[in-house]
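Have a look at the structure below, then the notes.
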């Protein structure tokens with residue numbers, strides 16, 4: 001498989017285990033190989049809500065260090081636009097993995113805690129700030145290459161629950177705004193990349 005070219009900004013979409021992260025890591029490796037002065041920062045948005053998730057995060061961090069040793073990992077589950085701004089430099093490629101988990105934490109911050117109401121959380125967050133607009137602004141302001149990863153979850157049947165439907169709608173809107181802001185959009189399936197927007 002030829003080495004992927006690095007775009008000014010790229011949104012990588014796909015289902016679970018479709019090859020999204022592998023593509024992002026290959027872009028980071030290609031960027032780092034271009035120059036010893038180049039940097040790469042991986043912004044992880046996952047939150048360790050339980051023991052299984054803590055183990056998964058630790059394993060992913062170890063595996064990432066093996067695959068792309070020069071890439072720094074930063075964990076930021078909520079203030080994503082600010083994190084992108086902090087690490088924004090012309091010599092730095094930023095990978096955000098992933099928008100789905102970031103949106104989950106943003107719209108449903110109290111999941112798993114007593115008295116949590118995900119539906120109210122989604123409605124309140126949508127009224128207070130548009131995460132899609134905030135993210136689009138961060139994409140356009142980033143000084144170096146930016147790679148965003150997000151799940152495509154709108155291809156199945158319509159969910160039964162109101163809160164799940166609201167989340168699917170919110171993620172669809174976020175993905176559309178991210179796609180509009182990015183120079184290239186890639187859909188991953190079974191490890192294969194399909195370019196939806198921009199040059200491959």
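The table that follows gives values for the structure above.
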item	result
Residue list for segment 177-191, restricted to those being farther than 14 Å from residue 6 by Cβ and surrounded by 13 or more Cβ atoms within 10 Å (Cβ to Cβ)	177, 178, 179, 180, 181, 185, 187, 188, 189, 191
Residue match in segment 107-117 (condition: buried (at least 22 other Cβ atoms within 10 Å of the Cβ) and either at pLDDT 95 or above or closer than 25 Å to residue 16 by Cβ (or both))	yes
The one condition in (1) closer than 21 Å to residue 29 by Cβ; (2) touching a strand residue (DSSP E or B) at 6+ places or on another chain (Cβ under 7 Å) that residue 200 fails to fulfil	(2)
Qualifying residue in segment 128-141 (condition: assigned to a loop (DSSP other than H, G, I, E, B), modelled with pLDDT of 95 or more and in contact with a strand residue (DSSP E or B) (Cβ under 8 Å, 6 or more places away or on another chain))	no
The one condition in (1) in contact with a helix residue (DSSP H, G or I) (Cβ under 8 Å, 6 or more places away or on another chain); (2) at pLDDT 95 or above; (3) surrounded by 16 or more Cβ atoms within 10 Å (Cβ to Cβ) that residue 64 fails to fulfil	(2)
Single match in 78, 9 (criterion: surrounded by 16 or more Cβ atoms within 10 Å (Cβ to Cβ) and within 24 Å of residue 132 (Cα to Cα))	9
Condition check for residue 40: over 24 Å from residue 140 (Cβ atoms), touching a helix residue (DSSP H, G or I) at 6+ places or on another chain (Cβ under 9 Å) and buried (at least 16 other Cβ atoms within 10 Å of the Cβ)	no
So residue 195, is it in a strand (DSSP E or B), surrounded by fewer than 20 Cβ atoms within 10 Å (Cβ to Cβ) and out of contact with any helix residue (DSSP H, G or I) (no Cβ under 6 Å at 6 or more places or on another chain)	yes
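Yes/no matrix, rows are residues, columns are (1) in contact with a strand residue (DSSP E or B) (Cβ under 6 Å, 6 or more places away or on another chain); (2) modelled with pLDDT of 95 or more:
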{"site": "6", "(1), (2)": "no, yes"}
{"site": "10", "(1), (2)": "yes, yes"}
{"site": "17", "(1), (2)": "no, no"}
{"site": "30", "(1), (2)": "no, yes"}
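The values are calculated or read from the model by the stated rules, or taken from the named source; none is laboratory data. Bear in mind the structure is a predicted one, so any value in this text is a computation, not a measurement. Cβ atoms come from the backbone with ideal geometry, glycine included; neighbour counts cover every protein chain shown.
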